[in-house]
Structures are given as structure tokens and as C-alpha cells.
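The values are calculated or read from the model by the stated rules, or taken from the named source; none is laboratory data. No experiment lies behind these values; they were computed from the predicted model shown. Note that we place each Cβ from the backbone using ideal geometry, even for glycine, and neighbour counts take in every protein chain shown. The area values use the complete protein model at the heavy-atom level, side chains included, leaving out ligands, DNA and RNA. Shrake-Rupley method; radii C 1.70, N 1.55, O 1.52, S 1.80 Å.
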Protein chains: 2
Amino acid sequence: MRVVVPFGAERPKTRLSPVLDADERRAFARAMVRDVLDALASTGHDPTVVATAPVDCDAPVEVDERPLTEAVNDRLPGGAGDDAAADAGAAAEDDRPDPVAVVMADLALATPAALERLFAPDADVVLAPGRGGGTNALVVRHPGFRVDYHGASIRDHRAIARDVGASTATVDSFRLATDVDEPGDLVEVLLHADGRAAAWLREAGFAVTATDGRVEATR
Amino acid sequence: MRVVVPFGAERPKTRLSPVLDADERRAFARAMVRDVLDALASTGHDPTVVATAPVDCDAPVEVDERPLTEAVNDRLPGGAGDDAAADAGAAAEDDRPDPVAVVMADLALATPAALERLFAPDADVVLAPGRGGGTNALVVRHPGFRVDYHGASIRDHRAIARDVGASTATVDSFRLATDVDEPGDLVEVLLHADGRAAAWLREAGFAVTATDGRVEATR
């Protein structure tokens with residue numbers, strides 16, 4: 001299985017600007033992608049980072065300046081950049097192509113166990129919903145499936161799978177559902193992760209603070 | 001296994017007041033607890049609702065006006081209200097008591113499959129983290145374990161389990177992690193649930209709306 005980790009390297013995590021300045025956001029985003037790559041490596045996969053600019057990390061990096069949806073679609077089975085499918089040619093028509101997994105770079109809570117649950121189902125399309133309608137990770141085995149990350153992508157991805165006749169499975173994981181985009185997400189990293197991103201937040205002075213309802217990360 | 005569903009019946013869901021008036025919050029909260037009871041019934045369990053006031057639903061209701069933590073602790077194995085343990089007396093000392101599950105009433109995304117994952121592990125304490133540091137569901141088999149729902153309860157519950165020598169397991173479930181407390185949570189119900197709560201929101205005029213980042217439920 002090929003594993004792709006898209007990473008917006010140029011102005012990452014803009015929605016964290018209320019609590020982190022631009023340099024901090026870059027450093028924190030890099031800590032998160034390294035955590036994700038570590039977790040993927042522990043599952044025995046060799047991920048490729050697809051980034052909008054060069055990035056220093058323990059994985060091959062392909063620079064692709066296009067928007068997320070296009071950059072990912074090009075790398076799915078049957079996509080324009082799918083060399084494996086092109087090489088196999090017509091002979092592979094009846095076989096399913098090599099699966100491609102897409103795992104977001106800001107899943108700071110991802111563990112090998114959570115990722116194994118993503119890789120396990122044999123469905124044509126495996127979806128890991130993110131909070132707020134996102135699709136935080138997916139595995140594609142069907143050459144007709146394409147992503148569309150705008151809006152409520154999890155709903156659109158279910159519809160696209162249905163339209164092309166692809167079977168689907170959904171992974172019910174809090175860890176994979178928790179992309180770290182907004183200040184309110186930081187507390188999840190402090191409470192449930194123990195990698196570079198959590199260490200970075202602690203060194204930056206963040207700690208868990210009680211509120212009226214859910215707890216928050218503040219400094 | 002005994003299953004307890006605590007329900008704040010008197011002024012439920014106050015943090016939804018920016019988008020729902022008091023009558024609506026009561027109606028929506030009741031739709032959610034009924035969805036939770038349905039999902040539990042599908043797993044073959046007979047839950048008991050522990051409510052701060054009488055509530056009309058398809059389960060026995062015990063009215064308990066005390067704060068959540070006290071009302072739950074009284075019903076855990078070895079708690080003051082644990083008749084089964086009291087009846088068994090000293091003879092049961094070496095055996096683990098009957099397990100007690102506590103499932104929050106606002107888990108509108110809970111499915112039988114997600115709840116089965118809560119019931120499956122054989123650990124002394126099984127924890128399902130909620131967003132923002134909460135503990136949305138747990139199973140207790142250890143007579144020394146007590147809950148404390150204030151603050152970052154998931155962290156406290158891990159510490160309490162450690163202190164009493166109880167083994168723990170954690171259920172990594174987006175569905176169980178999603179308690180519906182704040183306006184931003186409503187969209188998860190629209191996107192991922194199909195019971196009474198989702199129907200209630202749709203009838204009240206809520207729909208999924210795109211934003212800059214995550215999508216929202218608005219009307």
C-alpha cells in the first residue's frame with residue numbers, strides 16, 4: 001500500500017493564529033507531521049510526504065504546489081500520476097489496483113494501532129471521518145474514486161463512492177478524527193499524545209486548564 | 001453488566017443556549033437520551049436512567065438529585081448503592097464484582113457497534129474519552145475505582161485507576177468521543193447520526209453549512 005501524507009508547508013495552521021505566531025505554527029506543524037510519519041513507520045509503511053514546499057523530514061518529499069484535492073487525486077489508483085496502474089496497463093483491468101492511503105499531516109493523536117484500523121478493512125474505500133465534516137484519512141482501492149476536500153468532504157466522499165459503485169468502510173476513531181486545526185484542539189494533544197507535538201506545546205508553555213465545560217490548552 | 005445512563009433532566013444542555021431556547025434544549029436532550037437507550041438496547045443491555053428529575057423514556061428511571069459524580073459513584077461496584085456486592089458479601093471478596101457501565105445521555109452518535117467496543121475489553125476499567133478531556137463512557141469492574149467528572153476527567157480517571165491498581169483499556173471511538181454540548185457539535189449529529197436527535201435538528205431547521213474550516217450546523 002502506498003501512503004501519502006499531504007502537508008501544507010508554506011503557511012500551515014493559519015487557524016491557530018489566535019494562539020501561535022507564524023514561526024510557532026510552522027514549528028508545531030512540523031512536529032505533528034513527524035509524529036504522523038513515526039506512527040506510519042511503526043505500521044510498516046513507507047509514507048511519502050506531498051508538500052506545497054520542501055520540508056525536512058524522515059520521508060521522501062514530493063513538492064506539489066496544487067491545491068490538496070488535485071494533488072491527492074493525481075496519486076490515487078487510476079489517477080494521472082499513478083505509474084503502477086499505467087505500467088500494469090489493460091492486463092490489470094479486472095484486478096484492483098494497488099491501494100493508496102491518504103493520511104493528513106495534522107493527526108497528532110494518530111497511533112500505530114489507530115492507523116492499523118484504517119489499513120485493515122478490505123473495502124474499496126475506507127474513510128476515517130474528521131471533526132466538522134472532514135475526511136482525515138482514507139484508503140482507496142477503486143480506480144474510479146476521487147477526493148473532494150471542500151466543504152463536508154466526508155459526506156461527499158460517501159456519495160462519490162456510491163456513484164462509482166465502490167464499497168465503503170468507516171473507521172470509528174477519536175484519534176483519527178482529531179485533526180489539530182483550532183486552538184480548542186490543542187488540549188487533545190496534551191491529553192492524548194506523547195510525541196513531538198505534545199512536547200512542543202509543553203515547551204511553549206501550554207497546559208491543560210479547566211473551563212465551565214470542556215478543558216482547554218492555555219499558556 | 002449493569003448500564004447506567006446519567007441524565008441531567010432539569011436544565012439540560014445549557015451550553016446550547018446560543019442556538020436553542022430552553023424548551024428546544026429539553027426536547028433535543030430527550031431525543032438524544034432516547035437514541036442512546038435504543039443503541040444500548042440493541043446491544044442486549046437493559047439500561048437504567050439516573051436522572052435529576054422524572055423523565056419519560058423506554059427504560060427504568062431512578063431519580064437522584066445529587067451531582068453527577070456522587071450519583072454515579074453510588075452505583076459503581078462497591079459503591080453504597082451496589083446491592084449486588086452487598087448481597088454477595090465477604091464470599092465474593094476474591095471475585096470481581098458485576099461490572100457497571102456508565103454511558104452519557106448525550107452521545108447522539110453512539111451506535112450498537114461503538115458500544116460493543118466499550119463492553120468488549122476485560123480490563124478493570126474501560127474508558128471512552130470525550131472531547132475536551134471528558135469521559136463519555138466507562139465500564140468499571142474494580143470495587144476500588146471511583147469517578148470524578150470535574151475538569152479533565154479522563155486524566156483523573158486514569159490516575160484513579162492507577163492508584164487503586166486497576167488495569168485499564170481505552171476505547172478509541174469518534175462516536176463515543178462526541179458528546180453533544182456546544183453549538184459546534186450539532187453538525188456531527190447531522191453528518192453521522194440518523195436517529196431521533198438528527199431528525200429533531202432537521203425538523204428544527206438545522207442544516208450543514210460550509211465555513212472557512214470545519215462545517216457547521218446552522219438554521
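Structure notes:
- Members of region A:21-39 found to be touching a helix residue (DSSP H, G or I) at 6+ places or on another chain (Cβ under 6 Å) and touching a residue at least 40 places away in the same chain (Cβ under 8 Å), listed by number: A:Phe28, A:Ala31, A:Met32, A:Arg34, A:Asp35, A:Ala39
- From the list A:Gly78, A:Gly44, the one residue that fits, being modelled with pLDDT under 95 and outside any strand (DSSP E or B), is A:Gly78.
- Flag for B:Thr178 being among the hydroxyl-bearing types (Ser, Thr, Tyr) and out of contact with any helix residue (DSSP H, G or I) (no Cβ under 7 Å at 6 or more places or on another chain): no
- From B:Val72, B:Val19, B:Val3, residue being more than 22 Å from B:Leu190 (Cα to Cα), of a type in the set (Val, Ile, Thr) and not in a helix (DSSP H, G or I): B:Val3
- Residue in region B:168-192 that is nearest to the other protein chains (Cβ to nearest Cβ), counting only those that are open to solvent by 40 Å² or more (accessible area, probe 1.4 Å) and over 22 Å from A:Asp212 (Cα atoms): B:Arg175
- Given (1) assigned to a helix (DSSP H, G or I); (2) within 16 Å of B:Glu216 (Cα to Cα); (3) open to solvent by 20 Å² or more (accessible area, probe 1.4 Å), index of the condition A:Gly132 fails: (3)
Residues checked against (1) open to solvent by less than 50 Å² (accessible area, probe 1.4 Å); (2) at negative phi; (3) away from chain A (no Cβ under 12 Å):
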site: B:Leu115; (1), (2), (3): yes, yes, no
site: B:Asp122; (1), (2), (3): no, yes, yes
site: B:Ala128; (1), (2), (3): yes, yes, no
site: B:Val140; (1), (2), (3): yes, yes, yes
site: B:Arg155; (1), (2), (3): no, yes, no
site: B:Asp163; (1), (2), (3): no, yes, yes
site: B:Ala166; (1), (2), (3): yes, yes, yes
site: B:Asp194; (1), (2), (3): no, yes, yes
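- Scope region B:208-219; condition of a type in the set (Gly, Ala, Ser) and either open to solvent by 50 Å² or more (accessible area, probe 1.4 Å) or modelled with pLDDT of 95 or more (or both); matching residues: B:Ala210
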